[in-house]
Amino acid sequence: MSTTTTAMNTVKARRLVVEMPEYHPPLAERTALRLDFNENTFGPSPRVMERLQKVTAEGLTKYPEREGVERIVAQHFGLAPAQVLLTNGVDEAIHLMCCAFLEADDEALICTCFCVSERTIEREIQDNNLRTIAEVTRACNAGGGCRSCYPLIEEMLASKS
Ligand code: FES
């Protein structure tokens, strides 16, 4: 057994991750597009297909340079190139912003609809022994709007129990 394998066996994932049911996307026998998978109803434009025909194997081995595309995007929107940052999806953008702007003691805003911080929700859960999202919502409004904060609140409730 290699050192790497041994080390991986000793690192434990968070309990929530370990207990999380395995996800299997329902792909079998599908007959329609899955828009929640970002499938495209129209397919790529003919210009994209034409350009893809010119991509070489060597071209696929290199990371693309962002600066050229960022300059084009900036020009299109009337911005300075330094005002444009292209990322590999929104996750990378969020990660870069957090790394650039957050300090270790900054607190996270969990419910953006009602500007409720993680600290506030944790305090409400602890002080009032809250067990459900509905109780959290009654206590501090978190989760009372779009509900996109539900998974984070659920995680906080689960970590308390
Ligand atoms: S982010 Fe919490 S209800 Fe919308």
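Values in this text are rule-based calculations from the coordinates and carry no lab data. In this text the structure is predicted, and so the values were computed from the model without any measurement. Because the Cβ atoms are built from the backbone with ideal geometry, glycine has one as well, and the counts that use them run over all protein chains shown.
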For a quick check: with amide H placed at 1.01 Å from N, whose amide H comes under 5 Å from Ser117's, ignoring anything fewer than 5 positions away on the same chain? Ile110
Using Cβ-Cβ distances only, list the Cys residues of the chain with no partner cysteine under 4.7 Å, sorted by number. Cys98, Cys99, Cys113, Cys115, Cys140, Cys146
Based on Cα coordinates alone, diagonalise the gyration tensor for the chain, multiply each eigenvalue by 5, take square roots, and list the semi-axes in whole Å, largest first. 38, 25, 21
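At 1.306 mPa s and 10 °C, plugging the Kirkwood radius over alpha-carbon pairs of the range 113-161 into Stokes-Einstein gives what diffusion coefficient in µm²/s? Kindly include the intermediate steps, with their values, before the conclusion.
Numbers: Rh = 10.3 Å.
D = 153 µm²/s.
Expressed as a rounded percentage, what relative contact order does the chain have, with Cα pairs under 8 Å and six or more residues apart? Walk me through the intermediate numbers first.
Working: 90 pairs, mean separation 21.7, N = 161.
Answer for the chain is 13 percent.
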State the answer as a single residue: which of Val18, Leu102, Thr31 lies farthest towards the positive end of the charge dipole of the chain, with beta carbon charges of +1 for Lys and Arg and -1 for Asp and Glu, about the Cα centre. Thr31
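Using only alpha carbons, build the gyration tensor for the range 64-104 and give me the equivalent ellipsoid semi-axes, biggest first, whole Å.
Values: eigenvalues 100, 28, 12 Å².
Ellipsoid half-lengths, sorted descending, are 22, 12, 8 Å.
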For the chain, which span is the longest to avoid every loop-located (per DSSP) member of trypsin sites (Lys or Arg not before Pro) having at most 12 other Cβ atoms inside 10 Å? 63-130
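About its Cα centre, how strong a charge dipole does the chain have in debye, to the nearest 20, once Lys and Arg get +1 and Asp and Glu get -1 at the Cβ? Show your work: numbers first, answer last.
On the way: 17 positive and 23 negative charges, 81 e Å.
Computed charge dipole of the chain: roughly 380 debye.
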Out of Leu130, Pro44, Gly89, whose Cα points farthest toward the positive end of the dipole of the range 1-131 (charges: +1 Lys, Arg; -1 Asp, Glu; placed on Cβ)? Pro44
In order over the range 117-131: 3J(HN,Hα) from phi, Karplus 6.51/-1.76/1.60, θ = phi - 60°, whole Hz, x for each Gly or Pro, gives 7, 4, 4, 5, 5, 4, 4, 4, 4, 5, 5, 10, 6, 6, 10
For the chain, find the longest principal axis of its Cα atoms and tell me its angle to the long axis of helix 150-160, 0 to 90°, nearest 10. 40
